[in-house]
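Have a look at the structure below, then the notes.
Any read-out appearing in this document is the output of simple, stated calculations on the displayed coordinates, not a laboratory observation. Only a predicted model underlies this, so the values are computations on that prediction, with no experimental measurement involved. Positions of Cβ are generated from backbone atoms using ideal geometry, with glycine treated the same way; all protein chains shown enter the neighbour counts.
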């Protein structure tokens, strides 16, 4: 189940992220078919328009593509594109929030650096 | 098309005004949630749409045709009611046969398949069904009618969690295969929220708001932190409710303005449809 009802993210965004995780994990290999919007809608009990919106986000990013009459497929090179996208987001989702929390707790920059060093050695 | 236009509908029962000048357009092929507290006027509105009762003033049009005594317009619409309109001694399977006479597109094979999935014994008499199976029986007929407009008034009343889950799934697969306009009136907002595309909230006989669920959710949020900071932040915002707990304050907002420059010490979290509904309709 990809849905987290306490998440601030809209369902369609959660769906797109879940699908990207599944592609990264190899659950949906490149050039294979992914579940249809109807299957997603019924399985996760979400409105089909929401499911379609989530899928369309991935089509716009060239992670999925439509094969006429067949359905949605994972693009070749999708994994690499997802990794690139996630790396760009890494700063916003992890580094910025790390610094914000550190400031709240009065942890200095040097101390953070030390902790990161420690994290790699443990 | 299967658009419903509700124009200036007022319904008075004796001393009580159940609906006050309600104007709404229900767009075709969307799933709507009709939400309101007990006695808000949800069932009255659904009964007016199916011409079971007559408006005191105003009119309801389906694809431009008034529903008043209009068999053609009414043949496109099916309403699950709380009350059972079938003869009590009738067996489930005869009810299926009879429904086919009124709704020629009734899909008997599909009805039998659903009855099997839900474990409804079609040779039983309607009066012997439990509350849950009574709901299941009515819902199977509604889904099998293949009409363009489905009105579901408390469709999951008395259903256990497994059957509710199955119902939501069957409703979605039916909707995907045969797009139609669906209006669901329910008190179980939390579990139905993700099924809905649009929502109508009524309060004391009046329409409080009509919006896309996703749009509405994007406007709502909960803000908590030190009371003075919360007060400062919310002073020019649309606040639904607030509560204090010692020196801490929580505010529930429905506000379109961007959430920028959030002072340190304030935390934002999600306001889901059910919480939003509670704060909007509390007196």
Check: Share of antiparallel DSSP beta bridges in chain B, in percent to the nearest 5?
Finding: 70
Next item on the list: Using label points projected 7 Å from each Cα along Cα→Cβ, tell me how many nm separate residue B:27 and residue B:3, to one decimal.
Entry: 1.1
Check: Cα centroid distance between the range B:120-134 and the range B:1-75, in Å?
Finding: 30
Notebook entry, point to check: From the square roots a ≥ b ≥ c of the eigenvalues of the alpha-carbon gyration tensor of the range A:79-121, which class results: rounded (a/c under 1.5), prolate (a/b over b/c), or oblate?
Noted result: oblate
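Looking at chain A from every direction and averaging, what is the projected area of its Cα convex hull in nm²? Kindly include the intermediate steps, with their values, before the conclusion.
Details: hull surface 38.6 nm².
Across all orientations, chain A yields a mean hull projection of 9.6 nm².
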Margin query: At 222 nm, what value in deg cm²/dmol follows for chain B if DSSP H runs of at least 4 each add -39500 (n - 2.57) and the sum is divided by all its residues, to the nearest 500?
Written below: -9500 deg cm²/dmol
Notebook entry, point to check: Between residue B:204 and residue A:85, what is the FRET efficiency for a Förster distance of 41 Å, r being their Cβ-Cβ separation, to the nearest 0.05?
Noted result: 0.25
Next item on the list: If a/c stays under 1.5 just call it rounded; otherwise compare a/b with b/c (prolate if a/b is bigger, oblate if not). Do that for chain B, with a ≥ b ≥ c from the square roots of the Cα gyration tensor eigenvalues.
Entry: prolate
Item checked: Residues B:270, A:104, sorted so that the one with the fewest Cβ neighbours within 10 Å comes first -> A:104, B:270
Margin query: Applying a 10 Å radius around every beta-carbon, put B:137-143, A:74-80 in order of their mean neighbour count, most first.
Written below: B:137-143, A:74-80
Check: Taking only C-alpha pairs under 8 Å that are 6+ residues apart, what is the relative contact order of the range B:148-283 in percent?
Finding: 21
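Rounded if a/c is under 1.5, else prolate if a/b beats b/c, else oblate: with a ≥ b ≥ c from the C-alpha gyration tensor eigenvalues square-rooted, which is the range B:51-138?
prolate
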Check: At what distance in nm do the modelled label points of residue A:59 and residue B:176 sit from each other, each positioned 7 Å from its Cα along Cα→Cβ?
Finding: 1.5
Notebook entry, point to check: Can you give me the relative contact order of chain A as a percent, contacts being Cα pairs under 8 Å and 6 or more apart?
Noted result: 22
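At a threshold of 8 angstrom on Cα-Cα distance, excluding pairs fewer than six apart, so keeping six or more, what relative contact order does chain B reach in percent?
It rounds to 20 percent for chain B.
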Item checked: B:116, B:279 arranged by Cβ crowding within 10 Å, fewest neighbours leading -> B:116, B:279
Next item on the list: Just rank B:250, A:108, fewest to most, by other beta-carbon atoms within 10 angstrom.
Entry: A:108, B:250
Checklist line | Value of D in µm² per second that Stokes-Einstein yields for the protein assembly as shown, Kirkwood Rh from Cα pairs, at 4 °C (1.567 mPa s) | finding: 53
Next item on the list: State, in angstrom, two size descriptors of the range B:216-281 derived from its alpha carbons: Rg to one decimal place and Dmax to the nearest whole number.
Entry: 11.0, 31
Checklist line | At q = 0.14, 0.18 Å⁻¹, base-10 log of I(q)/I(0) for the range B:95-229 (Debye sum, equal scatterers on each alpha carbon) | finding: -0.73, -1.08
Next item on the list: For chain B, set up a Gaussian network in which alpha carbons nearer than 10 Å are linked by springs, and say which option among B:136, B:62, B:53 fluctuates the most.
Entry: B:53
Notebook entry, point to check: Which value, in Å³ per residue, describes the convex hull spanned by the Cα atoms of the range A:11-76?
Noted result: 77
Checklist line | Segment residue B:267-residue B:130, extension gain: residue separation times 0.36 nm, minus the distance between their alpha carbons | finding: 44.6 nm
Next item on the list: Report, in whole Å, the centroid distance computed from the Cα atoms of the range B:210-281 and the range A:13-63.
Entry: 31
Next item on the list: Could you work out which residue, out of B:218, B:135, B:269, moves most in a Gaussian network model of chain B, that is, has the largest mean-square fluctuation with Cα springs under 10 Å?
Entry: B:269
Check: Roughly speaking, what % of Cα-Cα pairs in the range B:164-261 are separated by over 22 Å, rounded to a whole number?
Finding: 48
